[in-house]
Amino acid sequence: MRKFTISVPASSANIGPGYDSAGVAVSRYLTLDVETQDTWEFEHQSPILPANPIAEDHFIYKIAVQIAEKYGEELPACKVIVKSEIPLARGLGSSASAIVAGIELANQLLNLNLTKEQRLHYAVEIEGHPDNVTPCLLGGFVITVMIDNEVEYKQLPAIETDLVIYIPDFEVRTEDARKVLPEQLTMKDATRASGISNLMIAALIAGDYHLAGKMMEKDMFHEPYRAKLIPDYTKIREEATRLGAYGTVLSGSGPTMISFVPSGKGASIAEELQKNLPAYEIKSLKLDPNGLQVSTATTNA
Ligand code: HSE
């Protein structure tokens, strides 16, 4: 019998002007407790997950099977207990975390010894864009770009801020949030938009979080078009700024928003903002520095 646990963080993609390329791993987790047995069984142990999952229809199972098939292998049956702190369809990368977890499930069960690059390649292939799966896998603040079907990425040095997230009680589907974006930008706007993005990254690397936050809020690629999908977009930004946030952006394609705030101030800012924005679940979180984690235990039973 084999027992192991897979843990994958949530993620927040884009970070303002880093549209489709920047992303951070966030300290909320999807966890799979796996134990081999005679038949497949999935059990959900979190209220945000649907009750009574059917193993063969489970998204994570299907991802694992897809990976197994690439290697011409069949997965041994398991019981998988799924716990999740990542709300679905809120812009916190729940599907990216599930994809990374499913790939790792196959990797562990079949002893595939996948490299970081192979995991990343499969995850991007399945998810279609890299900005959520890369931080899920690697942790921290990561920039990823697909060039000629190759995934290129770089992790930034540790970002010394807290995060505050604002989760509303409605969903926005990424597909719908992509439809509101323009087909094209003029050369003049594209040049300015990429300059803003470049400066945000340079400021983050330099530890100048005030400048980074200022650039986060100047995005020209997607936020101006998506802001209208979030009724309290401007209010959240203004309230967060008033309490000392460096910058506040959409998390992925929304509707969750996320603020980068001074280290050690996250809890007090979240508590204060919760009073003024009672319709949102507002929490102080950290950047997750580790990404995917696996702990293994072998038993003789
Ligand atoms: N970069 C993607 C988008 C993230 O903004 O559409 C979706 O989670």
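The values are calculated or read from the model by the stated rules, or taken from the named source; none is laboratory data. All values derive from a computational prediction rather than experimental measurement. Cβ: placed from backbone, ideal geometry, glycine included. Neighbour counts: every protein chain shown. Surface areas here come from the heavy atoms of the whole protein model, side chains and all, with no ligands, DNA or RNA. Shrake-Rupley method; radii C 1.70, N 1.55, O 1.52, S 1.80 Å.
Data overview
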{"item": "Qualifying positions in segment 195-214 - in a helix (DSSP H, G or I) and without any contact (Cβ under 8 Å) to a residue 24 or more places away in the chain", "result": "Gly195, Asn198, Leu199, Ala202, Ala203, Ala206, Leu211"}
{"item": "Hits in segment 245-301 (condition: closer than 20 Å to Pro231 by Cα and of a type in the set (S, T, N, Q))", "result": "Thr248, Ser251, Ser253, Thr256, Ser259, Gln274, Asn276"}
{"item": "Every residue from segment 39-62 that is open to solvent by less than 70 Å² (accessible area, probe 1.4 Å), among the hydrophobic types (A, V, I, L, M, F, W, C) and under 22 Å from Leu75 (Cα atoms)", "result": "Trp40, Phe42, Ala55, Ile60"}
{"item": "Filtered residues of segment 17-27 (kept if crowded, with 24+ Cβ neighbours inside 10 Å and more than 11 Å from the ligand (Cβ to nearest atom))", "result": "Pro17, Val24, Ala25, Val26"}
{"item": "Test: residue in segment 76-88 that is under 20 Å from the mean Cα position of the chain (by Cα), within 16 Å of the ligand (Cβ to nearest atom) and open to solvent by 10 Å² or more (accessible area, probe 1.4 Å)", "result": "yes"}
{"item": "Subset tally (residues that are open to solvent by less than 60 Å² (accessible area, probe 1.4 Å), among the basic types (Lys, Arg) and without any contact (Cβ under 8 Å) to a residue 40 or more places away in the chain) for segment 222-273", "result": "1"}
{"item": "Some residue of segment 6-13 being under 14 Å from the mean Cα position of the chain (by Cα), on the phi > 0 side of the Ramachandran plot, within 16 Å of the ligand (Cβ to nearest atom) and in the same structural domain as Pro87 (by TED's automatic domain parsing)", "result": "no"}
{"item": "Verdict on Val124 being farther than 15 Å from Gly252 by Cβ, open to solvent by 10 Å² or more (accessible area, probe 1.4 Å), among the aliphatic types (A, V, I, L, M) and modelled with pLDDT under 95", "result": "no"}
{"item": "Residue check for Lys154: of a type outside the set (S, T, N, Q), out of contact with any helix residue (DSSP H, G or I) (no Cβ under 6 Å at 6 or more places or on another chain) and within 17 Å of Asp131 (Cβ to Cβ)", "result": "yes"}
{"item": "Residue under evaluation Glu217, criteria (1) open to solvent by 10 Å² or more (accessible area, probe 1.4 Å); (2) under 18 Å from Val142 (Cα atoms), criterion not met", "result": "(2)"}
{"item": "Candidates Ile63, Ile48, Ile54 - the one that is farther than 19 Å from Lys3 by Cβ and without any contact (Cβ under 8 Å) to a residue 40 or more places away in the chain", "result": "Ile54"}
